[in-house]
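The values are calculated or read from the model by the stated rules, or taken from the named source; none is laboratory data. All figures in this text were calculated on a predicted structure; none of them were measured in a lab. When we count neighbours, we look across all protein chains shown, and the Cβ atoms used for this are built from the backbone with ideal geometry, even at glycine.
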Amino acid sequence: MAKIDKKSNKAIFTNEEYAKTWENCPIIQNRDRKDFRLCYICKYPMEFKLNENNSEDESAWVIDLINTKKPVLEIQNYIGVHANCVKNRTKRDATKLIKRIKMVGWMAPE
């Protein structure tokens, strides 16, 4: 489970949490699911190796909460999004939106 760093006021996630969060992200059908997933906010591919632990890149992905109305730090409530997309989130509870996105077969631009 994530820990809160009291000095920086940030959540610290384990590598296992990053891996499980990646599995919660929508799949892109024409890309390798181990390396690429879909950001549910901007609908653009995310690359696994570019997470916040390993990169300062603008396209790096971070762990976001699916339901911020009930901010529980559990893996079922984690999803990966681009760091720049967090501020563009429209709803506090994205559960239904993510469910609809996962039902559609998404393809990445070639």
Seminar exercise, completed: Condition set surrounded by 11 or more Cβ atoms within 10 Å (Cβ to Cβ), among the polar types (S, T, N, Q) and under 13 Å from the mean Cα position of the chain (by Cα), scope region 59-82, selection nearest to Ile12 (Cα to Cα): answer is Asn77
Exercise. Considering region 83-110 alone, what residues qualify as being surrounded by 16 or more Cβ atoms within 10 Å (Cβ to Cβ), in contact with a strand residue (DSSP E or B) (Cβ under 6 Å, 6 or more places away or on another chain) and modelled with pLDDT of 90 or more?
Worked result: Trp106
Exercise. List the pairs whose first member sits in region 90-102 and is on the phi < 0 side of the Ramachandran plot, whose second member is assigned to a helix (DSSP H, G or I), and whose Cβ atoms are under 8 Å apart, counting only residues at least 6 apart or on separate chains?
Worked result: Lys91/Leu97
For this session: Considering only region 24-43, state which residues are of a type in the set (A, V, I, L, M, F, W, C) and either in contact with a Gly (Cβ under 7 Å, 6 or more places away or on another chain) or not in a loop (DSSP other than H, G, I, E, B) (or both).
Result: Cys25, Ile27, Ile28, Phe36, Leu38
For this session: Go through region 7-28 and count every residue that is at pLDDT 90 or above and more than 22 Å from Ala94 (Cα to Cα).
Result: 1
Exercise. Within region 41-58, can one find any residue that is modelled with pLDDT under 90, aromatic (Phe, Trp, Tyr) and in contact with a helix residue (DSSP H, G or I) (Cβ under 7 Å, 6 or more places away or on another chain)?
Worked result: yes
For this session: Output the qualifying pairs, or none if there are none: Cβ atoms under 6 angstrom, residues six or more apart or on different chains, first residue in region 61-84 and farther than 12 Å from Thr21 by Cα, second residue among the β-branched types (Val, Ile, Thr).
Result: Asn67/Thr95; Ala83/Val62
